[in-house]
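Reviewing the structure listed below.
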Amino acid sequence: VQPETTPPVEPLNLNLNNAQDNLYAFTKMRGSLDPEQEVVFYWTGSIFLAEKAAPTGPAVSEFPGAILRFEGFNIARFVPTNDGVRMISREIAVYQNQYGQIIDCWNNAPVSTGAPQNVPVVHVHNDPVNHTVYGGTPHEMGDQVVWTLEVMLRYPNPLPVNQYPLFSASNTYETAELFNFYSMKKDLNDPTQDSVPVHISWSRVGQPVPWMKAGITDTKLIYHTYGRKLLGGFDELPMNLQEYVINNAPEYMTAPQWDESPNVTSWKYVKKLIDTGKYPESCQ
């Protein structure tokens, strides 16, 4: 008796220029078609300092090295709506020294416009981070699909200069965040997969974060990171991140259950700490 064989699954042959196929593929890539599945994206990398050279001063030919390391993750669920898919998530990222150790105190000499001082580090605790997904921008390259996303932001700073002079670079918040998501065509076209393997790169150019107490400055920070989707979820994160979350913010082990607003940013989070007297003045 010949054993029964399962017929091969026919690929979907998605057309990524079609809005419905695009949303389907982007949801599989960035999240999951299963609204109950928790999707974890992990990243790690370095933060560099970009100081503006004086236009009429001596020419400068060197560039500073990395001032910090940066490591974090986003944990999300993707819930279908009438007009797209709602991403319901929160994220944590930690600042580290060059040895990869999470730090709670940092000397701000690289960014300070005044006398350098030790400043308490405020790690990223953003909850919620929610938005509606309508699809993505795909670029087919051989057997890969590269999805690009550029987030250019400029709006009134939650920390205006006249009220928060040490914590605010400008009355205008300015940043650019650049994402690349790398997925395989065969995975996107595989109807048996709700969520597919993805690698990412993420870069950010923006003002010094408030806890650095850089004051008014046109100096910029450049974040350069790489990472991937962790198909095994929270348990696949590096142990240092798992331990940080378990000891400091265990709710981040899971994605939010409810779609709430408004979103939290690092600037809003630090403002709340300052306004409630919970931001320490110094550290050692």
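Structure above, values below:
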{"quantity": "Restricting region 154-172 to residues that are of a type outside the set (A, V, I, L, M), in contact with a Pro (Cβ under 8 Å, 6 or more places away or on another chain) and touching a residue at least 24 places away in the same chain (Cβ under 8 Å), the residue that is farthest from Ser112 (Cα to Cα)", "calculated": "Tyr164"}
{"quantity": "Unmet criterion (only one of (1) touching a helix residue (DSSP H, G or I) at 6+ places or on another chain (Cβ under 7 Å); (2) of a type in the set (Phe, Trp, Tyr); (3) at pLDDT below 95) for Phe73", "calculated": "(3)"}
{"quantity": "Only listed residue being outside any strand (DSSP E or B) and of a type in the set (A, V, I, L, M, F, W, C), chosen from Leu241, Leu221", "calculated": "Leu241"}
{"quantity": "Cβ-Cβ under 8 Å pairs, at least 6 apart or on other chains, region 255-280 side closer than 23 Å to Arg86 by Cβ, far side at pLDDT 95 or above and hydroxyl-bearing (Ser, Thr, Tyr)", "calculated": "Ala255/Ser89; Pro256/Ser89"}
{"quantity": "Any hit, region 50-72, residues being buried (at least 19 other Cβ atoms within 10 Å of the Cβ), in a strand (DSSP E or B), of a type in the set (A, V, I, L, M, F, W, C) and under 14 Å from the mean Cα position of the chain (by Cα)", "calculated": "yes"}
{"quantity": "Boolean, Tyr252 is more than 27 Å from Asn171 (Cβ to Cβ), within 15 Å of the chain's Cα centre (by Cα) and crowded, with 18+ Cβ neighbours inside 10 Å", "calculated": "yes"}
{"quantity": "Verdict on Thr137 being closer than 30 Å to Pro262 by Cα, polar (S, T, N, Q) and open to solvent by 60 Å² or more (accessible area, probe 1.4 Å)", "calculated": "yes"}
{"quantity": "Where a residue in region 9-31 is open to solvent by less than 70 Å² (accessible area, probe 1.4 Å) and its partner, wherever it lies, is small (Gly, Ala, Ser) and in a helix (DSSP H, G or I), with Cβ under 8 Å and at least six apart", "calculated": "Leu14/Ala25; Leu16/Ala25"}
{"quantity": "Test: residue in region 85-97 that is modelled with pLDDT under 95 and open to solvent by 10 Å² or more (accessible area, probe 1.4 Å)", "calculated": "no"}
{"quantity": "Residue under evaluation Gln144, criteria (1) touching a helix residue (DSSP H, G or I) at 6+ places or on another chain (Cβ under 9 Å); (2) among the polar types (S, T, N, Q); (3) closer than 16 Å to Val111 by Cβ, criterion not met", "calculated": "(3)"}
{"quantity": "Set Asp190, Asp218: member being touching a residue at least 12 places away in the same chain (Cβ under 8 Å), of a type in the set (Asp, Glu) and closer than 17 Å to Met29 by Cβ", "calculated": "Asp190"}
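Residue-by-condition table, conditions (1) in contact with a Pro (Cβ under 8 Å, 6 or more places away or on another chain); (2) more than 25 Å from Leu68 (Cβ to Cβ); (3) surrounded by fewer than 19 Cβ atoms within 10 Å (Cβ to Cβ):
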| residue | (1), (2), (3) |
| --- | --- |
| Pro191 | yes, yes, yes |
| Ser195 | no, yes, no |
| Val209 | no, no, no |
| Met212 | no, no, no |
| Leu221 | yes, no, no |
| Asp259 | yes, yes, yes |
| Lys268 | yes, no, yes |
| Lys278 | no, no, yes |
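The values are calculated or read from the model by the stated rules, or taken from the named source; none is laboratory data. As the structure is a computational prediction, the values presented were derived from the model and not from experiment. Note: ideal-geometry Cβ built from the backbone for every residue, glycine included; neighbour counts use all protein chains shown. Accessible surface areas use protein heavy atoms only, side chains included; no ligands, DNA or RNA. Shrake-Rupley method; radii C 1.70, N 1.55, O 1.52, S 1.80 Å.
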